[in-house]
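J.: One structure follows; several queries about it will come next.
Read-outs throughout are calculated quantities, based only on the coordinates presented, and are distinct from any laboratory measurement. If you're wondering where the values come from, they're calculated on a predicted model, not measured in any experiment.
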Amino acid sequence: GSNLVTPVDFIDHSYKSKYSWDFDGTDDHINLGRGSNVKLTTTDTSEGIGFTAACWVKDDAWDGSGSGYGSGFAIGCLASGGWRIGFGDRHVMQMGVDNGSGSNTYLQTVGPYKTLHEGEESYRANGWIHLCMTFDGRILKTYVNGRVETGTYSTNVVDTGEDDRSLFYATGQANVELLIGADGSDYLSGTTTIEIPWTGLVDDVAIWNKALPLDAVSAIYESVNTNGVVLDLTQDNGDYTYSGDLTALYRANEGSGTTAVDESGSGNDGELKNGTAYSSTLPS
């Protein structure tokens with residue numbers, strides 16, 4: 001009857017993507033602007049106020065063996081401060097935090113080199129990789145496919161040694177805009193130069209004003225299946241209880257046009273530039 005209530009255990013918190021974005025590695029990008037919900041600054045270590053950014057990526061050059069992948073940044077706004085996520089000769093996540101003197105302390109975490117090493121083989125043969133970085137006001141962590149990689153060739157936890165450090169955006173470059181598909185380190189007002197563009201696919205770009213713990217990051221990664229179904233980040237489910245901390249979410253649902261809708265409810269829509277395309281290839 002009309003009074004039946006669906007038990008919580010039977011509520012479906014999965015989400016089926018429609019599309020991903022396909023970047024050409026030359027000039028494609030999505031401009032998310034410089035709103036406070038995408039360029040977070042304030043942290044409070046004891047109160048759990050921090051920062052997390054994550055996305056699914058698939059590099060065109062990934063060969064499944066670890067012997068080769070391309071380079072580029074899937075998300076970025078690093079300019080003597082800021083942050084970015086992507087690949088160099090290995091995965092790299094970088095951030096600038098305020099050193100208390102009005103300038104930047106540069107933090108970087110890195111993963112294994114192209115030749116994978118024992119204990120560090122977290123890359124998926126199908127090419128889809130989940131990248132995530134968290135900062136709680138003191139410690140920066142890198143997660144790849146739901147785990148913090150460890151080993152001789154990885155440095156994935158950086159301790160600043162002091163609580164309540166804020167994310168830093170340099171004076172004179174504070175108007176750098178956050179991009180998907182490239183780093184916006186030179187993307188200033190009146191200038192639209194992109195740096196280190198991504199070649200391949202990006203999907204489910206998310207930002208939270210909290211440093212997600214390992215169990216939540218792992219839950220996001222482990223929810224993916226072969227049909228493009230991922231965890232619905234707008235709903236709490238299991239170890240993921242942080243939908244209320246979500247400040248931005250871009251899921252490539254549009255399929256056409258030049259608007260990337262912010263599905264977090266914050267209203268910070270992005271703009272597709274230079275013919276950024278859609279793909280029906282989904283995280284799996």
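J.: Could you derive backbone 3J(HN,Hα) for the range 243-253 from the dihedral phi with the Karplus parameters 6.51, -1.76 and 1.60 (θ = phi - 60°), listing whole Hz in sequence and x where the residue is Gly or Pro?
T.: So the Karplus estimates, Gly and Pro as x, are 4, x, 9, 6, 10, 7, 8, 10, 10, 6, 6 Hz.
J.: Around Gly50, which amide H atoms from residues at least 5 apart in sequence, or from another chain, sit under 5 Å from its own amide H, with H modelled in the peptide plane?
T.: Asp44, Lys210, Ala211
J.: For Lys210, list the lysines whose Cα falls under 24 Å from its own Cα; do not include residues on the same chain fewer than 8 positions away.
T.: Leaving aside lysines fewer than 8 places away in the same chain, those within reach of Lys210 are Lys39, Lys141.
J.: Quick check of the Kirkwood formula: for the range 160-284, what is the inverse mean of 1/r over all pairs of different Cα atoms, in Å?
T.: Hydrodynamic radius (Kirkwood, Cα only) of the range 160-284 equals 16.6 Å.
J.: Checking the cross-link filter: which lysines have an alpha carbon closer than 20 Å to that of Lys16, excluding same-chain neighbours under 8 positions apart?
T.: Lys58
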